[in-house]
Amino acid sequence: HNDVGTCVLYYDGKPLLIDIGSETYTRQTFGPERYTIWTMRSSYHNVPLINGVEQKEGAKYAAKAVSFVNNKTNASFAVDISAAYPAEAKVSSWIRRYDLKRQQSFTITDTYKLLSNEGNNALHFMTSASTEKKKDGLLELITGEVKMNMEYDPKVFELVIEPITIKDSRLLESWPPIVNRLILKIRNKGTQGSHRIIFRKAS
């Protein structure tokens, strides 16, 4: 799958940010049209769309500058995912960083430099949770008894929630009939920037 730099997030065993997985295998799954299948595409994983361009398949489209730190209270992972995108994305660096403060918060930070900004940049997050917008900048994710806040700066992002109907029997073994794609459209028109999304348990 085209998912370099993606993540999943669970709390108390409940899924919040998910990897949707693969549909029932067909001839298309293993043929030249493999990466036209929506579950294979980076736009349906928890990674950015850069200048309207998705990640590309192939060994040369790989991550670089990977770092990981882990201890009893914190875990952090950082990676430059820019090389996972083809030249049309016009990105020179995109550092995706995940910071987990155990029992407190999960923060996603992006720091990027573009060769040019074509205006179609967005973060995508897949969730099987139901959603409730509490106010601009605060979205609640609800799955079972777990409620998790997603905090974002509404001056930085425009949030769009896209419901996706699941019809494939293999996916329905894991997920509800409707999952949500959270699209955070980046308002910045410049060629460099930094932003973050914070997840905390709702009080």
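The dipole here belongs to the chain: it is taken about the Cα centre, uses +1 on the Cβ of Lys and Arg and -1 on the Cβ of Asp and Glu, and is about 480 debye.
A straight Cα-to-Cα reach below 18 Å connects Lys60 with the aspartates and glutamates Asp3, Asp80, Glu88, residues fewer than 8 places away in its own chain not being considered. If we count every other residue with Cβ under 15 angstrom of Gly137's Cβ, Lys/Arg +1 and Asp/Glu -1, where does the sum land? Taking every other residue near Gly137 into account, the sum is +2.
When the chain is described by a simple charge dipole with +1 on each Lys and Arg Cβ and -1 on each Asp and Glu Cβ, the residue from Leu100, Gln55, Ser169 located farthest towards its positive end is Leu100. Cross-link partners of Lys185 among aspartates and glutamates, defined as those whose alpha carbon lies under 14 angstrom from its own and excluding same-chain residues fewer than eight positions apart: Asp110, Glu118, Asp136, Asp153, Glu158, Glu162.
For segment 152-202, count the residues as N, evaluate 2.2 N^0.38 Å, and divide the Cα radius of gyration by that value, please. Please list the in-between numbers first.
Numbers: Rg = 15.4 Å, N = 51, 2.2 N^0.38 = 9.8 Å.
Against the empirical 2.2 N^0.38 Å value, I get 1.57 for segment 152-202.
Would you mind checking the pairs Lys14/Lys101; Lys56/Lys113; Lys134/Lys167; Lys14/Lys167 and listing those with alpha carbons more than 25 angstrom apart?
Lys134/Lys167
Where a number appears in this text, it was derived from the coordinates with a stated rule and is not lab data. What you are looking at is a predicted structure, and each value in this text was computed from that prediction instead of being measured. Cβ atoms come from the backbone with ideal geometry, glycine included; neighbour counts cover every protein chain shown.
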